[in-house]
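To start, the structure under review is shown below, and the notes come after it.
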Amino acid sequence: MLDTRHLQHLITDEQLQHFNELGYLILEDVLPQDLVRELEVPVDRIHQEYLDEKGPTAQHSNFFYRDFLGRNQLFVDLLDWYKTFPKVWGILGWNIYSYHSHLIVTPPGSPAEVDDVGLLRWHQDSGRLTKDMKIHPPPRMAFKIVYWLSDCSEPGRGNFYIVPGSHLRKTINKPTDGSLPEGAIPVCCKPGDAVFFDGRLWHCRNRNESDITRKGLFIGYAFRWMQAMDYITIPPEIFDRCDPIRQQLLGYAARPGGRFSGQDKDSPLKVWLEEHEVFLE
């Protein structure tokens, strides 16, 4: 829930410029290590459910699980985390919600994410946006934060790779010899770090050659009038404990047109920000 700590972590001009120009932003030590360990417990439980269902052959497979927020209160608590959420509204404004979430567990030996011909699957998360908008570059509609629960501070640990600045490009040169595109870099982070990345940024996941299991929690934010990518299945006992701002982030509006109008009764985040003299368009 929001409090005065959030006001101490507003996005800086330098951070906003970095994100606008390069399409990503790395924040170190945003989660305390005790919380990282607590978050690992439900992640491991969800992963074990998958292994129990699929059997031993899944032990070295990358595990991708959508719509995880409703599985544990700790996950919902990340929606408005005080060290990251102020930068979310600093990038997108106040008429926002979480349109998508997924967690990833990449065990040792997991192969790289590849396309139909076996090459690294460089992609954008913007789906039909580029084609449907018919303008270049398309506007930023959404982005994700990934919270790292494992040590990905060195390449070869299932890291995802990005091409900085590629969110402003319609396509990138994808080598056919297994090498990386020009300018591609691995995202190397410690447990407790967070990475913001624009949905238009070209990225891929490489293989895990280490003995460390890669674990990350991805939470996507978008304008409230944008269609959700998930069903957003939040149990009533968790939703009812949320304050109005968290309920907004989980997709609630006071009336059918509330996501479009921007009136105060539909926009508790806007009201809170204005009460604390943070004025956004």
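The values are calculated or read from the model by the stated rules, or taken from the named source; none is laboratory data. Model, not experiment: these values are computed from the prediction. Counting neighbours? That spans all protein chains shown, and the Cβs are built from the backbone with ideal geometry, glycine included.
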Looking only at residues in segment 181-217 that are without any contact (Cβ under 8 Å) to a residue 40 or more places away in the chain and in contact with a strand residue (DSSP E or B) (Cβ under 8 Å, 6 or more places away or on another chain), which one is nearest to VAL88 (Cα to Cα)? CYS188
Does GLY262 count as on the phi > 0 side of the Ramachandran plot and out of contact with any Pro (no Cβ under 6 Å at 6 or more places or on another chain)? yes
Step by step: first the residues of segment 114-125, then only those that are within 18 Å of the chain's Cα centre (by Cα) and surrounded by 19 or more Cβ atoms within 10 Å (Cβ to Cβ), then the one that is farthest from ALA142 (Cα to Cα). Which residue is that? TRP122
The residue that is farthest from PHE19 (Cα to Cα), considering only those in segment 80-100 that are among the hydrophobic types (A, V, I, L, M, F, W, C) and surrounded by fewer than 21 Cβ atoms within 10 Å (Cβ to Cβ), is TRP81
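Quick grid of which residues meet (1) more than 14 Å from the chain's Cα centre (by Cα); (2) surrounded by 14 or more Cβ atoms within 10 Å (Cβ to Cβ):
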| position | (1), (2) |
| --- | --- |
| GLN59 | yes, no |
| ASN62 | yes, yes |
| LEU78 | no, yes |
| HIS102 | no, yes |
| PRO107 | yes, yes |
Among the residues of segment 13-43, how many are among the β-branched types (Val, Ile, Thr) and without any contact (Cβ under 8 Å) to a residue 60 or more places away in the chain? 1
Between a residue in segment 257-276 that is touching a residue at least 12 places away in the same chain (Cβ under 8 Å) and any residue that is surrounded by fewer than 14 Cβ atoms within 10 Å (Cβ to Cβ) and among the acidic types (Asp, Glu), which pairs come within a Cβ distance under 8 Å, given they are 6 or more apart or on different chains? PRO268/ASP243; LYS270/ASP264
Are any residues in segment 61-108 under 19 Å from ARG205 (Cα atoms) and either charged (D, E, K, R) or at pLDDT below 95 (or both), and if so, which ones? ARG66
Sort through LYS215, LYS190, LYS144 and tell me the only one that's in contact with a helix residue (DSSP H, G or I) (Cβ under 8 Å, 6 or more places away or on another chain), of a type in the set (D, E, K, R), at pLDDT 95 or above and closer than 20 Å to VAL43 by Cβ. LYS215
Of the residues in segment 130-160, how many are over 17 Å from ILE172 (Cα atoms), touching a residue at least 12 places away in the same chain (Cβ under 8 Å) and outside any loop (DSSP other than H, G, I, E, B)? 9
Within segment 216-262, track down each residue that is buried (at least 20 other Cβ atoms within 10 Å of the Cβ), assigned to a helix (DSSP H, G or I) and of a type in the set (A, V, I, L, M, F, W, C). ILE245, LEU249
